[in-house]
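As structure tokens, the structure follows; a few thoughts come after it.
The values are calculated or read from the model by the stated rules, or taken from the named source; none is laboratory data. The shown structure was predicted, so the numbers you read here are calculated from the model rather than taken from an experiment. Note that each Cβ is placed from the backbone with ideal geometry, even for glycine, and that neighbours are counted across all protein chains shown. Side chains are part of the model used for accessible areas, which takes the heavy atoms of the whole protein and leaves out ligands, DNA and RNA. Shrake-Rupley method; radii C 1.70, N 1.55, O 1.52, S 1.80 Å.
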Amino acid sequence: MKGYIGKILIVDLTTGIFEEQKVEDEVYENLLSGVGLGAYTLYKNIPKGADPLGPDNMLGFVSGLLTGTGSVMTGRWMVVCKSPLTGGWGDSNCGGTFSPAIKQCGYDGIFFKGISVFPVYLYVDNRGAELRDASYLWGKDAVETEDILEKENWNNKKPAIAVIGTSSEKKSLISGICNDRGRIAARSGVGAVMGSKRLKAVVLAGSKPIKCHDPKTVKKYSKEFSKKIKKTNMPQIMTGRMLPLMGKALTIPKNIIPIDGIVSASMMKKWGTGFGNTMGMYNGDDPIKNWAGSVVDYDKSYYNNVNPDKVLKREYKKYHCYSCVIGCGGVCDIKGIGNGEFTHTHKPEYETVNAFGALLMNKDLESIFYINELLNRAGMDSISAGNTIAYAIECYENGLITKDDTDGLELTWGNAEAIVELVKRMIARQGFGDVLADGVKVAVKKIGEETSKYAMHAGGQEPGMHDPRMDPALGVHYSADPTPGRHTVGAFGYYNYMHLWTKVSWVPKLKLSTPKKVEFEASDRNGIITMANSCIKQILDGSGGCLFAMISGVHNWKIFEWLNAATGWDKTPDEYMIIGKRMQTLRQMFNIREGINPIDFKIKDRIAGRPPLKEGPLKGKTLPIEGMIQKHWEHFGWNPETGVPTEETIEELGLDELLNN
Amino acid sequence: MEKKKPIINYKECMACGICVQACPFSCIDFVKINVNKDKKAYPELINNGRCTGCGICSKECPVEAIELR
Ligand code: SF4
Ligand code: SF4
Ligand code: SF4
């Protein structure tokens, strides 16, 4: 009765052999489940120097410790593997219904090694697991495949299905793994790893109960939180037109204003992540014109066409991940767009709208809806694809590539038709599309080093659509995390919302008197905050929690209390933070073993404000990125110059012992 | 004795889908759209015949919105 199952399944795709392994309680107590369990399993099983697309790499699907225990907004699952994009640790997080389904099959994680000779899919239900021929599905997109597999395998229970689209079959390094017809674990190139294994899908139809130590207490907190969410609503009069004003207003105060994160839920309930698409133009959060522009360029004449209210016009119902009480997702009607090929698509997220809108100076919202569905079906990461196309456009506009290189496409800013066509060619790996299909880092290698200045990435991973020149903590997390380029790890903004100081003894409380400019310093204060952000994010990824629940605040969404009630442990929040530190350190150790030099993950100069922008809300902003990274690593107990975890830290966290058992 | 059936109270229901996933026979699905004028898809018993009245859905609901009657 512990919240977790205590078992994993390992499938060898080369031999077809299944192995059920018991996992000791000690592993969960030190690393939780989810990414922690994944990191433990992969660190022990992937040989050093393994080819990410070869048989020695392992691909794991892990559930969260809290998933299915009666807690809410804890239904996210994670993919783990060695990343072909960065050459180091890889993981990616996704919603839908797949996380509980893993546990309902009797496992906390399902891991694959080897490579199958022909395409296969894994089927698991209460009776056991089997590999089945998937040759007839190879070449089909993610949605078609899910439809077919659901029909074929819906016996007692509707199965949960994770599947790769065509771009993962073609091993695009910016491809991910899809479920629920449009949710995608998109980052770290996890789709390419699944494609390289010829594993088309994983179909889970188990219905075993998920046990919990103290369901009554878990539910008590779920009820409390649900009530708060129910009550938190945007006033009717608040329309999307006011979002730019709100963005502007946010830039006025010179001091940090502490905010209760629960307010974010009202925006999420109304628009989903999309509220940032206009608000962020004015506070500087949204990268524009390949990170070199501002709202002065992408002005009203553009965002009048691309904004959250316009997106909502097509939304006909909301979409929730399993156990979510907010429901930031939606399903949109897209009949009549792009030759009427598709009837509906998941509501394009903020990230997608910005990556194919402002980042490319595109004002054609219909093209964004269409691209959203193309990418979801192919299983390609919209953040990476958008950044890569932005790079190509800037190369074209500056004469570094011409129509001869682009196979005749006129890659100018905002040319929606050319952008759609290029997306199609990237998915098909056709001509110039093939040059871009593996992300910006590979594209620079193919096109030429002189184009590197336009390629925005951190260690090979294209960054999310949130600008560190607005929130410098983002720059640290983009650069210093074992999985670089992630906007989901942390930010000063998230820290403000989360109210960690109400639970954790050693983190600084935000005060009204703190001037905003302290966020631009390489200080101990900031090192402690970014370190704490990373720790809590790891706890989240071990639990299956959603980031949007997290930023509603740990005083509202009681992750620490849930973990104790679900497992029967009696740990303090400080002790959980050590687990987070241990998980993060283990992921970094994985990178070091693979020969990664952590400082190579530093974000590109342009994104750190070198040179600073000349206009817009981020005018003149530069962050002392190197110093901030050093402070971050120092507070982790890693060598501040090199980012290598010190022996003392590894010993103190007990990782040497744990990994040698 | 007649089998009991799950009845969902939409004033309490958060549309979280825990019951949908918990039912061993997928008898409940998100078919009621917009009962609370919020564009949310709410769950409802769709397969009366297969429902065994086991009560798992009701037990799992985090806000006690399902009653077996
Ligand atoms: S807030 Fe959005 S992403 Fe998070 S669990 Fe809910 S629906 Fe999923
Ligand atoms: S009572 Fe049992 S069978 Fe009927 S809907 Fe609920 S969980 Fe399903
Ligand atoms: S579990 Fe309860 S709150 Fe969640 S959808 Fe079902 S009835 Fe509604």
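Looking only at the range A:172-188, decide whether some residue is of a type in the set (Gly, Ala, Ser), surrounded by 24 or more Cβ atoms within 10 Å (Cβ to Cβ) and within 12 Å of another protein chain (Cβ to nearest Cβ).
The answer is no; no qualifying residue exists.
Scanning the range A:444-492 for residues that are free of Cβ contacts under 8 Å to residues at least 24 places away in the same chain and not aliphatic (A, V, I, L, M), which turns out nearest to A:Thr273 (Cα to Cα)?
Once the filter is applied, the top-ranked residue is A:Ser452.
Got at least one residue in the range A:326-334 being within 16 Å of ligand 2 (Cβ to nearest atom), facing chain B (nearest Cβ under 8 Å) and at pLDDT 95 or above?
No, because not a single residue in the range A:326-334 is within 16 Å of ligand 2 (Cβ to nearest atom), facing chain B (nearest Cβ under 8 Å) and at pLDDT 95 or above.
Which residue out of A:Lys317, A:Lys289, A:Lys269 is open to solvent by 20 Å² or more (accessible area, probe 1.4 Å), within 16 Å of ligand 3 (Cβ to nearest atom) and in contact (Cβ under 8 Å) with a residue 40 or more places away in the chain?
Result: A:Lys269 is the single residue among A:Lys317, A:Lys289, A:Lys269 that is open to solvent by 20 Å² or more (accessible area, probe 1.4 Å), within 16 Å of ligand 3 (Cβ to nearest atom) and in contact (Cβ under 8 Å) with a residue 40 or more places away in the chain.
Could you tell me which of the residues A:Thr412, A:Thr343 is more than 27 Å from the chain's Cα centre (by Cα), away from ligand 1 (no atom under 15 Å from the Cβ) and open to solvent by 10 Å² or more (accessible area, probe 1.4 Å)?
A:Thr412
Results for (1) over 20 Å from A:Asn354 (Cα atoms); (2) aromatic (Phe, Trp, Tyr), shown as yes or no for each residue.
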{"site": "A:Ile371", "(1), (2)": "no, no"}
{"site": "A:Asn387", "(1), (2)": "no, no"}
{"site": "A:Tyr391", "(1), (2)": "no, yes"}
{"site": "A:Leu400", "(1), (2)": "yes, no"}
{"site": "A:Leu411", "(1), (2)": "no, no"}
{"site": "A:Leu422", "(1), (2)": "no, no"}
{"site": "A:Arg429", "(1), (2)": "yes, no"}
{"site": "A:Gly433", "(1), (2)": "yes, no"}
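Quick one: what pairs do we get from the range A:556-576, first residue free of Cβ contacts under 8 Å to residues at least 40 places away in the same chain, second of a type in the set (Lys, Arg) and open to solvent by 10 Å² or more (accessible area, probe 1.4 Å), C-beta under 9 Å, 6+ apart or different chains?
If the second residue must be of a type in the set (Lys, Arg) and open to solvent by 10 Å² or more (accessible area, probe 1.4 Å), the pairs left are A:Asn564/A:Lys571; A:Thr572/A:Lys503; A:Tyr576/A:Lys503.
Let's see how each residue does on (1) closer than 18 Å to A:Gly654 by Cα; (2) surrounded by 23 or more Cβ atoms within 10 Å (Cβ to Cβ); (3) polar (S, T, N, Q):
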{"site": "A:Glu519", "(1), (2), (3)": "no, no, no"}
{"site": "A:Glu575", "(1), (2), (3)": "yes, no, no"}
{"site": "A:Ile578", "(1), (2), (3)": "yes, no, no"}
{"site": "A:Arg587", "(1), (2), (3)": "yes, yes, no"}
{"site": "A:Asn591", "(1), (2), (3)": "no, yes, yes"}
{"site": "A:Ile599", "(1), (2), (3)": "no, no, no"}
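For the range A:215-224, does any single residue satisfy the condition of being touching a residue at least 12 places away in the same chain (Cβ under 8 Å), crowded, with 24+ Cβ neighbours inside 10 Å and either aliphatic (A, V, I, L, M) or assigned by TED's automatic domain parsing to the domain that holds A:Val331 (or both)?
There is at least one residue in the range A:215-224 that is touching a residue at least 12 places away in the same chain (Cβ under 8 Å), crowded, with 24+ Cβ neighbours inside 10 Å and either aliphatic (A, V, I, L, M) or assigned by TED's automatic domain parsing to the domain that holds A:Val331 (or both).
Filter the range A:274-285 down to the residues that are in contact with a Phe, Trp or Tyr (Cβ under 9 Å, 6 or more places away or on another chain) and more than 16 Å from A:Leu365 (Cα to Cα), then identify the one that is farthest from the other protein chains (Cβ to nearest Cβ).
Among those that are in contact with a Phe, Trp or Tyr (Cβ under 9 Å, 6 or more places away or on another chain) and more than 16 Å from A:Leu365 (Cα to Cα), it is A:Met281.
Does the range A:549-570 include one or more residues that are assigned to a helix (DSSP H, G or I), closer than 13 Å to A:Thr488 by Cα, away from ligand 3 (no atom under 16 Å from the Cβ) and in contact with a strand residue (DSSP E or B) (Cβ under 9 Å, 6 or more places away or on another chain)?
no
Suppose we filter B:Lys37, B:Lys11, B:Lys3 for residues that are on the phi > 0 side of the Ramachandran plot, more than 16 Å from ligand 1 (Cβ to nearest atom) and in a loop (DSSP other than H, G, I, E, B); which single one remains?
B:Lys37
Would you mind stating whether B:Phe25 is within 8 Å of ligand 2 (Cβ to nearest atom), within 10 Å of chain A (Cβ to nearest Cβ) and aromatic (Phe, Trp, Tyr)?
Spelling it out, B:Phe25 is indeed within 8 Å of ligand 2 (Cβ to nearest atom), within 10 Å of chain A (Cβ to nearest Cβ) and aromatic (Phe, Trp, Tyr).
Scan (1) in a helix (DSSP H, G or I); (2) away from ligand 3 (no atom under 16 Å from the Cβ) for the single condition A:Phe225 breaks and write down its number.
The failed condition is (2).
Could you grab me the full set of residues in the range B:57-69 that are outside any loop (DSSP other than H, G, I, E, B), open to solvent by 70 Å² or more (accessible area, probe 1.4 Å) and away from every other protein chain (no Cβ under 11 Å)?
Within the range B:57-69, B:Glu67 is the sole residue that qualifies.
If I filter the range A:71-103 down to residues being assigned to a loop (DSSP other than H, G, I, E, B) and open to solvent by 10 Å² or more (accessible area, probe 1.4 Å), which single residue comes out as nearest to B:Ser58 (Cα to Cα)?
Among those that are assigned to a loop (DSSP other than H, G, I, E, B) and open to solvent by 10 Å² or more (accessible area, probe 1.4 Å), it is A:Thr97.
A:Ser135 is checked against (1) in contact with an Asp or Glu (Cβ under 8 Å, 6 or more places away or on another chain); (2) open to solvent by 20 Å² or more (accessible area, probe 1.4 Å) and fails just one. What number does that condition carry?
Exception for A:Ser135: condition (1).
Starting from residues that are more than 16 Å from ligand 1 (Cβ to nearest atom) and within 12 Å of another protein chain (Cβ to nearest Cβ), keep the ones in the range B:40-56 and report whichever is nearest to A:Thr217 (Cα to Cα).
Taking the candidates together, the pick is B:Ile56.
State all residues of the range A:329-367 that are part of a helix (DSSP H, G or I) and among the acidic types (Asp, Glu); if no residue qualifies, say none.
A:Glu351, A:Glu366
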